[in-house]
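To start, the structure itself, in structure tokens.
Just so it is clear, none of the values below were taken in a lab; they were calculated from the coordinates. Everything quoted here is computed from the prediction, not taken from an experiment. Glycine gets a Cβ as well: all are built from the backbone with ideal geometry, and neighbour counts include every protein chain shown.
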Amino acid sequence: MAPQTYAVAHNRDVVHIRQAVRVLAQQCRLSLVDQTKMITAASELARNTLVYGGGGTATTGLVRKAGRQGVAAVFADEGPGIPDVDLAMTDGWTSGGGMGLGLSGTRRLVDEFELVTETGVGTTVTIIKWGR
């Protein structure tokens, strides 16, 4: 199945992205615990894209590497960027608008986490959860 890109412009888009990630996690045969972790991480990042990035896109799909299969999601916006990445990645820090996980909590839920941000340009976060 080819990667799918979704707009992140409304609260309902966050729900659609959660559902898309759930389907992929089931197709990938992630455990129920790993499905929940990936869905939660994707939901938090979709909400961040909407609230802090002013909207953007989410691209989801299955990925393979070294004989393993996983679920990947890339969240991109053209918002203000994150001025202090170290602070944003500090455990327990949240700006108050999301589920309270913050980026550090989201990072702990997945196997791979990459954050690219530039002030005034935007932010892209890529996450992957690998099947066991």
Name the residue farthest towards the positive end of the dipole of the chain from the options CYS28, GLY105, VAL8, assuming +1 on Cβ of Lys and Arg, -1 on Cβ of Asp and Glu, about the Cα centre. CYS28
In nm, spacing of pseudo-spin labels at MET89 and VAL15 (7 Å Cα→C-beta vector): 3.5 nm
LYS65 versus GLU78, label points 7 Å from Cα toward the beta carbon: distance in nm? 2.9 nm
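Under the classification rounded if a/c is under 1.5, otherwise prolate if a/b is larger than b/c and oblate if not, where does the range 1-84 fall, given a ≥ b ≥ c as square roots of the Cα gyration tensor eigenvalues? Working shown, then result.
Working: a/c = 1.97, a/b = 1.78, b/c = 1.11.
Because a/c hits 1.5 or more and a/b exceeds b/c, the range 1-84 counts as prolate.
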Give me the net charge for the shell around LYS65: Cβ to Cβ below 15 angstrom, other residues only, Lys and Arg +1, Asp and Glu -1. +1
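Could you calculate the contour length gain from ALA2 to GLU118, that is, 0.36 nm times the residue separation minus the distance between their Cα atoms, to one decimal place in nm? Spell out each step's value before the answer.
Numbers: separation 116, 0.36 × 116 = 41.76 nm, distance 2.86 nm.
Net length gain for the segment: 38.9 nm.
What percent do you get for the relative contact order of the chain when only Cα pairs under 8 Å and 6+ apart count? Before the final figure, lay out the partial values.
Working: 272 pairs, mean separation 35.4, N = 132.
The value is 27 percent.
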